[in-house]
Structure formats: structure tokens, C-alpha cells
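Working notes, beginning with the structure itself.
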Amino acid sequence: MLKVVCVVDKVGTALDRLAKQVMPYHDNIDYVVCDIHPKRPDDQQLRKFEQEATDADIIDFQYFRSAELLLSMYPQLKEKKLVLTHNNPYSYKEDKWDWADANVGNNNEITLGLKTQGSPNVNHIPITIDVNFWKFNDEWKPNKTVIMVANRIESKKGILEAATAVGNLGLRFILVGAISDRTYFNDILQTGNIDFYEQISDEELLKLYHKSSLLICNSVDNFESGTMPILEAMATGVPVLTRKIGHVPDLYNEHNLYINDNASNETYLLQKQIENIFNDKNKMAEIRQEAWHTVRNYNNERRAYSYQKLYRSLYPETPVSVILPVCENESTTRKCIQAISEQTYKNLELIVVDDGKEPQKALIEQLKPYLNMPVRYISNYDGDYGLARARNKAIIEATGEILVFTDQRMIIEPNAIFEFVNNLTERKWLYGNKGGKKDFVENFSCIYRRDLIRAGMFNERINKYGGQSQEIRSRTRMQGIQHDYVDTAKATPDGKSRNKWVKRYEIMEMKNKLFKMELL
């Protein structure tokens, strides 16, 4: 099972939250988050990291200072696959970061900077949030409340100027964050009319967003690469007034945010802009609706998927996703998975889609730790013949450029996937030797993922046994996809299928569908 150790700076920071929020979507790998203080790591932090990093395949550094510290302490880490995500707008300027196998920029400015610097294997993966948690407030009505959310309350955030501007307008100011500079914080309190919240839960913060009419981000240039509160406010339906910092240029489309083009310390100009915003309630309503259409694309599921594709790209072979539909019969499933795990081709992930009444999730979870690949289990049972739907679900979740399909009863030989990949070209669908040249193209075969998606994947209208092979074979041929036989890609069926004898009338019904679709 692929193991990734994700290194963040401190528990509770934005980096820590980003790392932990993608964990539900990393259930197919062993994904561990370790916090390492970039200057003063304690013994407990280092012991945990040493323990987890020993058998890790990939170390994913989310903060460059923590990475520099650990690499100086443990030079052997360079034997691992290393990923460095640049979550600071200035970090990419300090080096070419050529010790990393992959560099990630979380906004376009950083990504372009990394490429210009000549850093290796540069990828763009934006900051995201849990859009399902930060619920849109359909009951929103403009009131006299402005909110600012800061991980650390310090002068670079421009909070004092915002608090002064809001106070001068007689509005209520909600401030959420951790006190970094006590003197600066006291100056903020002197502006009056402030509700301050420190170390609150996300649930409490959500309630505050739902009480607010405007979020302000007033940070200085070259300080933020985010921020996450901008995305959270957009998701909850709070209009945002922000300077063009961090990922704001990536998000902004002239209709979804209010932009403050003035310097962070221009209090009077900020005050006038806030006043104008509150005087146009219709515009506020339009801004929040348009913001939702933007932020729905910045969700954690996309971030997790992007990282998994990145992790797999670090290995020399083209990533392959093996799709295995199963239906009861755990003994056959076990044999099939064992054969997949013994492949000479190594850059694999296995996606098991369970279409049986008796779930096999426990078996898959039992096998996962002993398999040398990411393994995802997907439930598909809905009381029907759901094979097409099962395969389509797996195609959507797959992170491989190439798909290999195998049926549950196929025991594939160790070099089968290598032979498939070695013979594959675009616009071809290869099928293997199952004891002879049997043109059931989908149940032991190989194709580029993008080719099958563009072809429309599997036809879920073939919802009973007896027609799926013929439908997909006829349709893809008509679309110009060539079907070729690879004799050297071999599998041995474990037993024989009896479906064609016991499901005569289902077969006839599906053949009638094909006839009406002019595919017979």
C-alpha cells in the first residue's frame, strides 16, 4: 500500500487544516500527517516523524522551512520520493528546489515563478476547502456586521485599518484569530465595537459567517498565498472585499469579489469602499451568488485527486488503474487480487467495485496493508445488474492514464499488464488471451482512460446480463477505436460462467435492445 507522510508546520494552522481535510479522499493510501515546527521541533514530533518516515514511499512537505530542517537532520530522506508544496508567495524565490522530485504552486503566480526559476516538475494545485461543510446561507440578509478571519493577528494583515474603517461607519466588527502581537491587538480593541473570537471551532466560525454581511481581507503584498477564509466566505454566501493578493487574481472574474486596489494602510479609502458596498444591496446579492459558482470548483475532493495523480507520476512507468468489479465469492476475489499484486508492472492502483448483495469491504480492508499499490473500494450494489455502472464509477475515480479491466474470475499472469501497456497506442482497445482469442473486449483488456471517457464509457441502459460486450464493442468500433488482440497478455478463468444458460430471457431482452439501437 502506498504510504505518504505529509509534513506541516504546526497543529491547527492553515497548512495542517489543508492536509487533514483531504484525508477522507485518501482512503486508498496510507496517508499520515506529521507536524514539525520549522525552528523548534520537540522530541515527540521528531519521534513520530522518524517512525512514519521509515517505511514511507513519499514525503510531502507542505512548508519549505520544515523541509529544510528535516533534510538537514535526516539526509537519507533524499532516497525517498519528495514533494514540496509552496504555500508562501516568497519561498520559490529562495532556491530552485531541485532536491524535490516535484514542486507544487498553490496559485498561478507561485507556479509561474517556480517554472521561471527552473524548479523541476512544477505542478499547480490550488488551495481548497470543504464546500460541503461551509454551507451557503440561503437566508442571508444584509446587516451591519463585517468579519475578518486571520490565522495570526499581526500588522501585515491590515486588521487595524479595517477595524478603524468599520468603526467609523458604525458597523459591528467580528474578528477571529490567534493573537500574535499583543500590542497590535490592543490597538485594534481601542477602535471599539469589536467582537473577538479566539480558537473557535469550524462549527462556531460557520455560524459567524452566517451572521456577517461582508468579509474583508486587507493583507499586504507578498505575504499571503491564500487565504482560506476568502474561499470559506464565498462558499457561505458572504460577499468578500479583498486586495489582489495570493490566489485572488486566480479567483476574480470581475463579478464574484469586491477588489480593493488601494494600499493596505489607506484607511479612508477602505472606509469609503465599505460604505459604497453597503449602499448597494442588490450588488451584494449578485456578488455572493457569482462567488458560489466560482468556489464550488475549489473543493477538497479535487485537491486530493490532483495530489494522488502527482504521487503516481513520480514513478517511471505510466500510471495504470486496474478496475475489478466483484460480486460475492470472496475466494475468487482473493485469488484475482493476489494475481494483480504479483504483476511485473509496478505503477498500479486497484479499484474494486462491489456489485454484490454481500459486501466484500472487510476482505478488501484486510488485504490492503499487504498489497504494494493504492487500493480503493467502491460500493455499487443497488439490487440490479449494475456492471456498467460499476465500471463507470471506477473510470471516474481512476488516477491512471491507462485502464486495465479484469473480471473477478480472471487470474492474470504476472506479465499481463506489462504486455498490455507495451502494445498500447492511442485509439486502441487491447484484449487479452483468456485461453483463446475471445473478443469480449471489456473483461480482460486495456485502453487509454481519456479514449474510453470520450467514447462515452459503458452503457448503463444495458441493465441486465447479455449485451454489454456487444454494445461497447460495436459502439467504439463505429467511433474509430481499433480492437486488437494481445496473445502474450494472458489470464486463466477460475471456473466457468453459467450466466448464458440461466439468464436466457434477460439475454434476449438485452439483444432486443441492441437490435432496436441498430447495433446487431
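Out of curiosity, is GLN308 more than 25 Å from the chain's Cα centre (by Cα) and either open to solvent by less than 20 Å² (accessible area, probe 1.4 Å) or more than 22 Å from ALA416 (Cβ to Cβ) (or both)? No; evaluated as a whole, the condition is false for this residue. Looking only at residues of region 390-404 that are more than 23 Å from LYS490 (Cα to Cα) and surrounded by fewer than 19 Cβ atoms within 10 Å (Cβ to Cβ), we find that the one that is nearest to the chain's Cα centre (by Cα) is GLU397. Only one entry in GLU460, GLU442, GLU413, GLU426 is under 17 Å from ASN347 (Cα atoms) and of a type in the set (Asp, Glu), namely GLU413.
Just need a number here: residues in region 145-160 that are farther than 17 Å from ALA233 by Cα and open to solvent by 40 Å² or more (accessible area, probe 1.4 Å). Looking only at that region, the number is 4. Taken as a whole, region 348-355 holds at least one residue that is more than 18 Å from ILE447 (Cα to Cα) and not hydrophobic (A, V, I, L, M, F, W, C). Is it the case that some residue within region 467-481 is part of a loop (DSSP other than H, G, I, E, B), over 19 Å from GLN408 (Cα atoms) and modelled with pLDDT under 90? Scanning region 467-481 turns up no residue that is part of a loop (DSSP other than H, G, I, E, B), over 19 Å from GLN408 (Cα atoms) and modelled with pLDDT under 90. Just one of the listed residues (LYS438, LYS428) is farther than 24 Å from LEU310 by Cβ, among the basic types (Lys, Arg) and either open to solvent by less than 10 Å² (accessible area, probe 1.4 Å) or modelled with pLDDT of 95 or more (or both), namely LYS428.
Among the numbered conditions (1) within 19 Å of TYR465 (Cα to Cα); (2) in contact with a Leu (Cβ under 8 Å, 6 or more places away or on another chain), the only one that LEU387 does not meet is (2). Selection over region 36-61 of residues that are surrounded by fewer than 22 Cβ atoms within 10 Å (Cβ to Cβ) and under 19 Å from LEU82 (Cα atoms) gives a count of 12.
Taking the criterion of being in contact (Cβ under 8 Å) with a residue 12 or more places away in the chain and either open to solvent by 80 Å² or more (accessible area, probe 1.4 Å) or farther than 26 Å from LYS3 by Cβ (or both), the residues of region 311-343 that qualify are PRO316, PRO325, CYS327, GLU328, ASN329, GLU330, THR332, ARG334, LYS335, GLU342. Just the residues that are touching a Leu at 6+ places or on another chain (Cβ under 6 Å) and open to solvent by 50 Å² or more (accessible area, probe 1.4 Å), please, taken from region 405-422. Within region 405-422, no residue meets the criteria. Any chance region 15-25 includes a residue that's touching a helix residue (DSSP H, G or I) at 6+ places or on another chain (Cβ under 7 Å), open to solvent by less than 70 Å² (accessible area, probe 1.4 Å) and hydrophobic (A, V, I, L, M, F, W, C)? There is at least one residue in region 15-25 that is touching a helix residue (DSSP H, G or I) at 6+ places or on another chain (Cβ under 7 Å), open to solvent by less than 70 Å² (accessible area, probe 1.4 Å) and hydrophobic (A, V, I, L, M, F, W, C). Taken over region 357-386, the residue count meeting the criterion of being among the hydroxyl-bearing types (Ser, Thr, Tyr) and surrounded by fewer than 12 Cβ atoms within 10 Å (Cβ to Cβ) is 1. Checked against the criterion of being at pLDDT below 95, more than 21 Å from ILE395 (Cα to Cα), assigned to a strand (DSSP E or B) and of a type in the set (Ser, Thr, Tyr), the candidates THR488, THR492 yield just one match: THR492.
Can you go through ALA291, ALA263 and tell me which one is closer than 27 Å to GLY170 by Cα, touching a Gly at 6+ places or on another chain (Cβ under 8 Å), surrounded by 14 or more Cβ atoms within 10 Å (Cβ to Cβ) and modelled with pLDDT of 95 or more?
After applying the criteria, what remains is ALA291.
Within region 134-144, being over 23 Å from ASN300 (Cα atoms) and either touching a Phe, Trp or Tyr at 6+ places or on another chain (Cβ under 8 Å) or open to solvent by 50 Å² or more (accessible area, probe 1.4 Å) (or both) holds for GLU139, LYS141, PRO142, ASN143, LYS144.
The values are calculated or read from the model by the stated rules, or taken from the named source; none is laboratory data. Because the structure is predicted, anything quoted here is derived from the model rather than measured. Neighbour counts are summed over all protein chains in view; Cβ atoms, including those assigned to glycine, are modelled from backbone coordinates with ideal geometry. The area values use the complete protein model at the heavy-atom level, side chains included, leaving out ligands, DNA and RNA. Shrake-Rupley method; radii C 1.70, N 1.55, O 1.52, S 1.80 Å.
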